[in-house]
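Here is the structure we will look at, set down as structure tokens.
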Amino acid sequence: MKFTKQMSIEEAIRQHPRAIDVFMSYEMDCIDCLGSAAESIETAATMHGLDPDDLVKELNALENN
């Protein structure tokens, strides 16, 4: 399964535990956020001033490691 912008942060973390490392590298404390179950990667990235496509690309790189 690939990461998508529409995926919730919680779902991303369940899919690959190292997704936490990616979020934290951008100072996104998403694992502690109450909205992580419902908030999409795209919404979170935008709220943090990040390009959602870049974030998803980096998350998908985890699948190869």
Legend entry - Extension gain (nm, one decimal) between residue 46 and residue 21, 0.36 nm per residue minus Cα-Cα: 7.2 nm
Inset, instruction - Whole number in Å², please: accessible area per residue of the chain, 1.4 Å probe, ligands, DNA and RNA not counted. - result: 62 Å²
Legend entry - Sulfur and carbon atoms: percent of accessible area, the chain [1.4 Å]: 51 percent
Inset, instruction - Along Cα→Cβ, 7 Å out, is where each label goes; now give me the distance between the ones at residue 37 and residue 14 in nm to one decimal. - result: 1.0 nm
Inset, instruction - Please report, in cubic angstrom per residue, the volume enclosed by the convex hull of the alpha-carbon atoms of the chain. - result: 70 Å³
Inset, instruction - Can you tell me how much longer the chain between residue 62 and residue 4 gets when fully stretched, taken as 0.36 nm per residue apart minus their C-alpha distance, in nm with one decimal? - result: 19.6 nm
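The values are calculated or read from the model by the stated rules, or taken from the named source; none is laboratory data. What you see is a predicted model; the values in this text were computed from it and never measured. A quick note on method: Cβ atoms are made from the backbone with ideal geometry, for glycine too, and the neighbour counts reach across all protein chains shown. The accessibility values were calculated without ligands, DNA or RNA, using every heavy atom of the protein model including side chains. Shrake-Rupley method; radii C 1.70, N 1.55, O 1.52, S 1.80 Å.
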